[in-house]
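Only one structure is covered here, and it is reproduced in the block below.
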Amino acid sequence: MSISLFVNPHSERVGKRGSRLSNHATDYDARVFDLAVFDSLPGQVRAARDTSELFIIEGGDGTVQCMMSEVLRQAGDDAPLPDFAIASGGMTNQVAKIIGMRTVGKMGLKRVIEKPDVLETRMLKLSADGMEDQYGFLFSTGALPMITDFAKSELHTRGIGGQAAVVGGLVKAVTSERDAVMPATECVVSIAGETLSGPHLGTVATTLPTITMGLDPFWGDGDGPLRLTYVDGRYKGLYKHIAGVWVGFKGRDRTGDGFHSWNADEAVFDYSGPVMLDGEPIELPGSRFTLSTSRPIRIRR
């Protein structure tokens, strides 16, 4: 199998401690690409697509998002896609914690090449007029981007990353004045034949089995690959519902308390508030955008 390894030296862990994979690349004749200058990424991806069946990405969530977005844009609807493997190298590494390599180093490299556990899934696809399609795994609007922004500005600067930063952000949200930390923002979303409008607390969506810390806050019916939960501005019992979903009580109807969840093919938004994809803020050219899913991909772990 031909392999390309993409390493971001600016990612938090790689920058401080070095790559855990590049020293072993020669054992498998892997080609190593340095992502120090992201302007070179399109050309690097084109070169790797010509020669490699497996792309291994060592970096943080933003690196994974940029890399895989570029690959999917270049491949379009028909060109073959490589397999992917993700090695944690950033500060928070939420995507790597869910679907990344279980061991990063020589043995982890050997496993994803020779005896991988393969996850077949899709990525989220964020589309809007006037911008290139963006791909990722964890999408949010409203409160979650606000909490993430707090974690980055207040906790990452103190060297607190990973799940500790996520928990810290949630604790801040729970223990502070709610409207100060996560005020409701106006949103219109059309999904699965329904349209909801007005103030909303937030939206979270994924194609993955869980999101951060094993939380799976989705209980919608249907077979669509896009799993999306929306909390409207009239919500009640926020923490009670979060706790109930976290421990697996998903069977009840929560719409009366402002909680809605679907499995769908796409959702169309008219929204001007904060939007994040894999923990990275997305600057949109306007308020209207569509969230759907990519063609199938394969992740080696």
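Pull out a ≥ b ≥ c, the square roots of the eigenvalues of the alpha-carbon gyration tensor of segment 1-123, then state rounded if a/c is under 1.5, prolate if not and a/b is larger than b/c, and oblate in the remaining case.
Judged from the Cα gyration tensor, segment 1-123 comes out rounded (a/c under 1.5).
When all C-alpha to C-alpha distances in the chain are sorted into bins of 20 Å, what percent of pairs does each bin hold, rounded to whole numbers?
Going out from 0 Å in 20 Å bins, the chain shows 34, 57, 9 percent.
Pairs LYS16/LYS106; LYS16/LYS250; LYS16/LYS125: which exceed 30 Å Cα-Cα? The partial results should precede the final answer.
Numbers: LYS16/LYS106 19 Å; LYS16/LYS250 42 Å; LYS16/LYS125 32 Å.
Listed pairs above 30 Å: LYS16/LYS250; LYS16/LYS125.
Using +1 at the C-beta of Lys and Arg and -1 at the C-beta of Asp and Glu, which of LEU41, SER4, GLY193 has the Cα lying farthest in the positive direction of the dipole of the chain?
SER4
Consider all pairwise Cα distances in segment 54-96 and report the whole-number % of them above 14 Å.
I get 47 percent for the Cα pairs in segment 54-96 exceeding 14 Å.
With only alpha-carbon pairs counted, each pair once and no self-pairs, how large is the Kirkwood hydrodynamic radius of segment 247-294 in angstroms? Please report the intermediate quantities before stating the final value.
On the way: mean 1/r = 0.0741 Å⁻¹.
By the Kirkwood definition, the hydrodynamic radius is 13.5 Å.
Pull up the cross-link candidates among the aspartates and glutamates for LYS236, meaning alpha carbon to alpha carbon under 19 Å and not fewer than 8 places away within one chain.
GLU177, ASP179, GLU186, ASP253, ASP257
Given labels modelled 7 Å from the Cα in the Cβ direction, how far is it in nm from ARG252 to GLU114?
Inter-label distance under the simple model: 5.1 nm.
Test of understanding: what is the full-extension gain from HIS10 to GLU283, defined as 0.36 nm times their sequence separation minus their Cα-Cα distance?
Extending this stretch completely gives an extra 96.1 nm.
If I compute solvent accessible area with a 1.4 Å probe over the protein chains, what percent of it on segment 1-147 is carbon and sulfur? Don't skip to the end; give the middle numbers.
Details: 2780 of 6270 Å².
Using a 1.4 Å probe with all protein chains present, segment 1-147 comes out at 44 percent carbon and sulfur.
Give, in nm to one decimal, the length gained when the segment between SER2 and ASP133 is fully stretched (0.36 nm per residue of separation minus the Cα-Cα distance).
Stretched fully, the SER2-ASP133 segment lengthens by 44.4 nm.
For segment 42-49, just list the computed ³J(HN,Hα) in residue order, Karplus coefficients 6.51, -1.76 and 1.60, θ = phi - 60°, integers in Hz, with x standing in for Gly and Pro.
Running phi through 6.51 cos²θ - 1.76 cosθ + 1.60 with θ = phi - 60° gives x, x, 5, 5, 4, 5, 6, 5 Hz.
State, to one decimal in nm, how far the label point of ALA79 lies from the label point of THR210, with both points 7 Å from Cα in the Cβ direction.
Those two pseudo-labels are separated by 3.6 nm.
Once the piece of chain linking VAL268 and VAL37 is laid out straight, how much longer is it, given 0.36 nm per residue of separation minus the C-alpha distance between them?
Working: separation 231, 0.36 × 231 = 83.16 nm, distance 3.37 nm.
The VAL268-VAL37 span can extend by a further 79.8 nm.
Please calculate how many Å² of accessible area the chain carries per residue, with a 1.4 Å probe and no DNA, RNA or ligand atoms counted.
Details: 13550 Å² over 301 residues.
I get 45 Å² per residue for the chain.
7 Å from Cα along Cα→Cβ at both VAL188 and ASP50: what's the point-to-point distance in nm?
Label-label distance for VAL188 and ASP50, simple model: 4.7 nm.
The values are calculated or read from the model by the stated rules, or taken from the named source; none is laboratory data. Computed from a prediction, not measured in an experiment: that's the story for all the values here. Cβ: placed from backbone, ideal geometry, glycine included. Neighbour counts: every protein chain shown. These accessible areas exclude ligands, DNA and RNA; they are computed on the full protein's heavy atoms, side chains included. Shrake-Rupley method; radii C 1.70, N 1.55, O 1.52, S 1.80 Å.
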